1. For the range 132-143: of the residues being out of contact with any strand residue (DSSP E or B) (no Cβ under 9 Å at 6 or more places or on another chain) and on the phi < 0 side of the Ramachandran plot, which is nearest to the ligand (Cβ to nearest atom)?
2. In this structure, does Val89 turn out to be at pLDDT 95 or above, assigned to a helix (DSSP H, G or I) and within 16 Å of the ligand (Cβ to nearest atom)?
3. Looking at the range 53-63, can you tell me whether even one residue there is surrounded by fewer than 20 Cβ atoms within 10 Å (Cβ to Cβ), within 16 Å of the ligand (Cβ to nearest atom), at pLDDT 95 or above and over 26 Å from Ser188 (Cβ atoms)?
4. Out of the residues in the range 167-189 meeting the condition of being out of contact with any helix residue (DSSP H, G or I) (no Cβ under 6 Å at 6 or more places or on another chain) and charged (D, E, K, R), tell me which one is surrounded by the fewest Cβ atoms within 10 Å (Cβ to Cβ).
5. Give the range 99-126 a look and list any residue that's touching a strand residue (DSSP E or B) at 6+ places or on another chain (Cβ under 9 Å) and among the polar types (S, T, N, Q), or say none.
6. Restricting the range 148-166 to residues that are exposed (fewer than 15 other Cβ atoms within 10 Å of the Cβ) and farther than 17 Å from Ile87 by Cα, which is farthest from the ligand (Cβ to nearest atom)?
7. What about Ile44, is it buried (at least 19 other Cβ atoms within 10 Å of the Cβ), farther than 25 Å from Thr180 by Cα, of a type outside the set (Asp, Glu) and more than 16 Å from the ligand (Cβ to nearest atom)?
8. Determine, yes or no, whether Glu17 is surrounded by fewer than 23 Cβ atoms within 10 Å (Cβ to Cβ) and closer than 25 Å to Gly149 by Cα.
Amino acid sequence: MKILGIVCSPRKNGNTEILIEEALNAAREKGVETEMVLVADKQISPCDGCDGCVEDGVCVIEDDMQEIYQKLENADGIIFGTPVYFINVSAQAKAVIDRTYAFLWTRKLRGKVAAAAVAARRIGAGQVLSLLYSWFTVQRMINVGGCIGYGRDKGEVKEGVGGGPGSTALGEARAIGKATVGMVNRLSK
Ligand SMILES: Cc1cc2nc3c(=O)[nH]c(=O)nc-3n(C[C@H](O)[C@H](O)[C@H](O)COP(=O)(O)O)c2cc1C
């Protein structure tokens, strides 16, 4: 089993990365292989709507998304993380989401287990989780839920609260890591 974490903050070592790392730590404790991709290290253009992928599911834009397509295809579970930017996902996250249009036609994400991790200072984390859940649904992924971590400056999420009553950000991150592994296991039985 392979779980892929995708960090869509432009800020390295930031709160989204901490949430994803914690989720992947929890997954590794269950004995599974994990990988983390930092979109901040990548050049990913927005979808240009050329519809070149409609026939064969192959995106013609030659950039770092090609490597992420491979990683998405090889993953059993995907934990997708973004900071909240103006009550929305980051521009980096939107570029990745839109570029998965190429996979819509070939249903390459169908049946993969998906979870979301959202870092926010104060407002909009619930809306962003809903946006990510909608993307999972359109791509026919199996949604095991999401975590919220509150914090503004880098690292604040380590002490931050989560979205649920009484929960911590890191506790919620660990929960989605475990839920992702649990669902992949159930589906493979
Ligand atoms: C351009 C921009 C827009 C933001 N918009 C919001 C927002 O709408 N709501 C919110 O709660 N935090 C907002 N924030 C704060 C970030 O979501 C918060 O600092 C988060 O922890 C950043 O995660 P990161 O360290 O992974 O980049 C914004 C930050 C930036 C830079």
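The values are calculated or read from the model by the stated rules, or taken from the named source; none is laboratory data. It should be emphasised that the depicted structure is a prediction, and the values quoted were computed from it without experimental measurement. For neighbour counting, all protein chains shown are included, and Cβ atoms are generated from backbone atoms with ideal geometry for every residue, glycine included.
1. Ser134
2. no
3. Within the range 53-63, not a single residue is surrounded by fewer than 20 Cβ atoms within 10 Å (Cβ to Cβ), within 16 Å of the ligand (Cβ to nearest atom), at pLDDT 95 or above and over 26 Å from Ser188 (Cβ atoms).
4. Lys189
5. Across the range 99-126, there are no qualifying residues.
6. Gly166
7. yes
8. So Glu17 fails the test.
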